[in-house]
Amino acid sequence: MAYTDQEKASIIAQYKQGRSAQNLSAECGICVRTIYRWAKLYSEMNSSGKRTFTAKEYDMLVRRVSKLENIIAVLKAVNCTVHDPLKKKLHELELLYGQYDVHTLCEALDVSRGTFYNHILRNKRGNTWFERRREEYRILIQEVFDEYHQVLGAEKIRTILMQRGYQVSTKFVADRMREMGLTSVRTTAKQDYLKLREPEKKNVLRQQFHADTPNQIWVSDVTCFKLGNRCLYTCVILDLFSRKVVAYKLSKKNSTQARLFHAPARLV
């Protein structure tokens, strides 16, 4: 349930008059911690003894002043005014893209954010700023990829970059990895292979891996390994009696077709 500022102020006033937070919580159905947080936000502060305001109002004023300072900085940096043609304003704002947030840039020169984004997307291929950004993130992605032994995908690499202070999307990381030919080493090849097996297949051996004669029992398995930037899969048929490799096959995909052998198999 959403409470208005007046309702919050009324509850906090009762709290300051001596009512316990537990009683107010039971009566109004509000978490005790929420009451404590409201009391902190709506507590009165005095500035120069002339006006009282709450911590919430103070924080809003601080953010507003910071935004206005950035707008002033943008207006000083651009070589145009609010009344100049839209094309010129977009060109000037594009030069500052990345230094200030888009809301501040667009508000400074009274430009629609949608118009600005469309302009940026149309010109990003030839934009040197975008190319520098792509190159910077290529290096960062490669470092994280190597640091974690080449097993992470785009989502996990993006999470690590966010933890290190870089604002980036999963799609951006995935696109850069695709450009660099980076693919994570899959550690679940055997599990994927088992999922591909037909459900009607029966457990014939029942973990009895002993053979009395040659060619009595053949078994096979799939292993994934990495060669350069490419994952390859090898499927091997083994004779349990002699422990010799009867046949094998390499493939770029872990599929049923990739594990078809032309040699006959005599399984128990």
- Message: Could you go through region 18-28 and let me know if any residue there is at pLDDT below 80, under 33 Å from the mean Cα position of the chain (by Cα) and open to solvent by 60 Å² or more (accessible area, probe 1.4 Å).
- Response: no
- Note on the structure: How many residues of region 62-92 are closer than 18 Å to R113 by Cα, open to solvent by 60 Å² or more (accessible area, probe 1.4 Å) and assigned to a helix (DSSP H, G or I)? The answer is 7
- Query: Considering only region 206-226, how many residues are open to solvent by 40 Å² or more (accessible area, probe 1.4 Å) and assigned to a loop (DSSP other than H, G, I, E, B)?
  - Reply: 10
- Note on the structure: If we keep only residues of region 29-56 that are closer than 16 Å to A9 by Cα and assigned to a strand (DSSP E or B), then the residue modelled with the highest pLDDT is T54
- Kindly establish whether Q6 is over 35 Å from the mean Cα position of the chain (by Cα), open to solvent by 80 Å² or more (accessible area, probe 1.4 Å) and either at pLDDT 80 or above or within 22 Å of D59 (Cα to Cα) (or both). yes
- Note on the structure: When (1) modelled with pLDDT of 70 or more; (2) over 16 Å from C106 (Cα atoms); (3) not in a helix (DSSP H, G or I) are applied to D59, the one that fails is (3)
- Search result, residues across region 229-250 that are part of a loop (DSSP other than H, G, I, E, B), open to solvent by 90 Å² or more (accessible area, probe 1.4 Å) and touching a residue at least 24 places away in the same chain (Cβ under 8 Å): F241
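The values are calculated or read from the model by the stated rules, or taken from the named source; none is laboratory data. Computed from a predicted model, the values in this text were never measured in an experiment. Cβ coordinates were reconstructed from backbone atoms using ideal geometry, including for glycine residues, and neighbour counts include every protein chain displayed. For the accessible areas, the whole protein counts, side chains as well, though only heavy atoms, and no ligand, DNA or RNA atoms are used. Shrake-Rupley method; radii C 1.70, N 1.55, O 1.52, S 1.80 Å.
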